[in-house]
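**Q** Sending over a structure as structure tokens; questions will come in a sec.
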């Protein structure tokens, strides 16, 4: 997953810097840490949830493992939806907090809201 994320960031930066401009590229780089923090919640759920499911499967408790897996998925969807709402609603103040200038504010908000809209899928 980390390889896919890294390739995405490089390709995204390449296309934006070459075809859109330097200010939008700076806006992406400014807002990306916030997006990665929200995505990191999914990594934590995936790591902890898979360890728990693997432990229970190792104890040959398949039904309990299925319930744990379902619980992790449902929690990821709920948390992802809540983080999406939080991120979309507070994107402008967060961009300002991270130091967005007036030139790049609209790019930060637009890019951040588009990417945050896929937080649930990213977390899954």
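The values are calculated or read from the model by the stated rules, or taken from the named source; none is laboratory data. The model shown is predicted, which means the values in this text are computed figures rather than measured ones. Cβ placement follows ideal geometry from the backbone for every residue including glycine, while neighbour counts extend to all protein chains displayed.
**Q** Suppose the filter is out of contact with any strand residue (DSSP E or B) (no Cβ under 7 Å at 6 or more places or on another chain), assigned to a helix (DSSP H, G or I), buried (at least 17 other Cβ atoms within 10 Å of the Cβ) and modelled with pLDDT of 75 or more; does residue 16 pass it?
**A** No.
**Q** Kindly indicate the residue of segment 111-124 that is part of a loop (DSSP other than H, G, I, E, B) and over 18 Å from residue 30 (Cα atoms) and also modelled with the lowest pLDDT among those meeting that condition.
**A** In this case the residue turns out to be 124.
**Q** In this structure, does residue 49 turn out to be under 21 Å from residue 94 (Cα atoms) and assigned to a helix (DSSP H, G or I)?
**A** Spelling it out, it is not the case that residue 49 is under 21 Å from residue 94 (Cα atoms) and assigned to a helix (DSSP H, G or I).
Conditions tested, residue by residue: (1) more than 16 Å from residue 119 (Cβ to Cβ); (2) modelled with pLDDT of 95 or more; (3) surrounded by fewer than 17 Cβ atoms within 10 Å (Cβ to Cβ).
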site: 38; (1), (2), (3): no, no, no
site: 42; (1), (2), (3): no, no, no
site: 50; (1), (2), (3): yes, no, yes
site: 86; (1), (2), (3): no, no, yes
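**Q** Just checking, how many residues over segment 111-124 are within 21 Å of residue 48 (Cβ to Cβ) and surrounded by 15 or more Cβ atoms within 10 Å (Cβ to Cβ)?
**A** Summing the residues that are within 21 Å of residue 48 (Cβ to Cβ) and surrounded by 15 or more Cβ atoms within 10 Å (Cβ to Cβ) in segment 111-124 gives 4.
**Q** Part of a helix (DSSP H, G or I), modelled with pLDDT under 95, surrounded by 12 or more Cβ atoms within 10 Å (Cβ to Cβ) and within 12 Å of the chain's Cα centre (by Cα): is that true of residue 79 in this structure?
**A** Spelling it out, residue 79 is indeed part of a helix (DSSP H, G or I), modelled with pLDDT under 95, surrounded by 12 or more Cβ atoms within 10 Å (Cβ to Cβ) and within 12 Å of the chain's Cα centre (by Cα).
**Q** When you scan segment 94-110, do you find a residue that is surrounded by fewer than 14 Cβ atoms within 10 Å (Cβ to Cβ), touching a helix residue (DSSP H, G or I) at 6+ places or on another chain (Cβ under 7 Å), part of a helix (DSSP H, G or I) and touching a residue at least 24 places away in the same chain (Cβ under 8 Å), even just one?
**A** Yes, segment 94-110 contains at least one residue that is surrounded by fewer than 14 Cβ atoms within 10 Å (Cβ to Cβ), touching a helix residue (DSSP H, G or I) at 6+ places or on another chain (Cβ under 7 Å), part of a helix (DSSP H, G or I) and touching a residue at least 24 places away in the same chain (Cβ under 8 Å).
**Q** Something else now. Give the residues of segment 55-66 that are surrounded by 12 or more Cβ atoms within 10 Å (Cβ to Cβ) and assigned to a helix (DSSP H, G or I), sorted by residue number.
**A** 55, 56, 57, 64, 65, 66
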